[in-house]
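Worksheet: one structure, shown below.
The values are calculated or read from the model by the stated rules, or taken from the named source; none is laboratory data. A quick note: this is a predicted structure, and the numbers were derived from the prediction, not measured. Because the Cβ atoms are built from the backbone with ideal geometry, glycine has one as well, and the counts that use them run over all protein chains shown. These accessible areas exclude ligands, DNA and RNA; they are computed on the full protein's heavy atoms, side chains included. Shrake-Rupley method; radii C 1.70, N 1.55, O 1.52, S 1.80 Å.
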Amino acid sequence: MFKKLSEELNKKFLRKDDLAKQLEIVRVFDVYKKEIKNLLPRAKQISPVSLKNKNLTIQTPSSVVANELR
């Protein structure tokens with residue numbers, strides 16, 4: 001009936017490293033969201049999508065905005 005939470009989490013995150021990676025991504029996204037608001041107060045449509053190999057991918061409303069951020 002009841003299952004241990006640790007067992008369920010182990011099924012979801014087969015390795016402890018997976019959970020650490022997910023937490024790192026969340027932290028990076030949080031820092032990005034805070035800092036982008038400081039740099040571009042009207043940047044509500046710019047949002048983080050993924051973090052792979054230390055590269056943050058973001059979504060922008062247009063290619064013009066993306067080029068301005070490069």
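The table that follows gives values for the structure above.
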| item | result |
| --- | --- |
| Identity of the residue in the stretch 20-40, in contact with a Pro (Cβ under 8 Å, 6 or more places away or on another chain) and not hydroxyl-bearing (S, T, Y), that ends up most open to solvent (accessible area, probe 1.4 Å) | K33 |
| V28 modelled with pLDDT of 85 or more and under 19 Å from the mean Cα position of the chain (by Cα) | yes |
| Selection from the stretch 5-19 of residues that are open to solvent by 100 Å² or more (accessible area, probe 1.4 Å) and modelled with pLDDT under 80 | K11, K12, L14, R15, K16 |
| Positions within the stretch 41-68 being under 28 Å from S6 (Cα atoms) and open to solvent by less than 80 Å² (accessible area, probe 1.4 Å), in sequence order | S50, L51 |
| Some residue of the stretch 49-57 being at pLDDT below 90, not in a strand (DSSP E or B) and not basic (K, R) | yes |
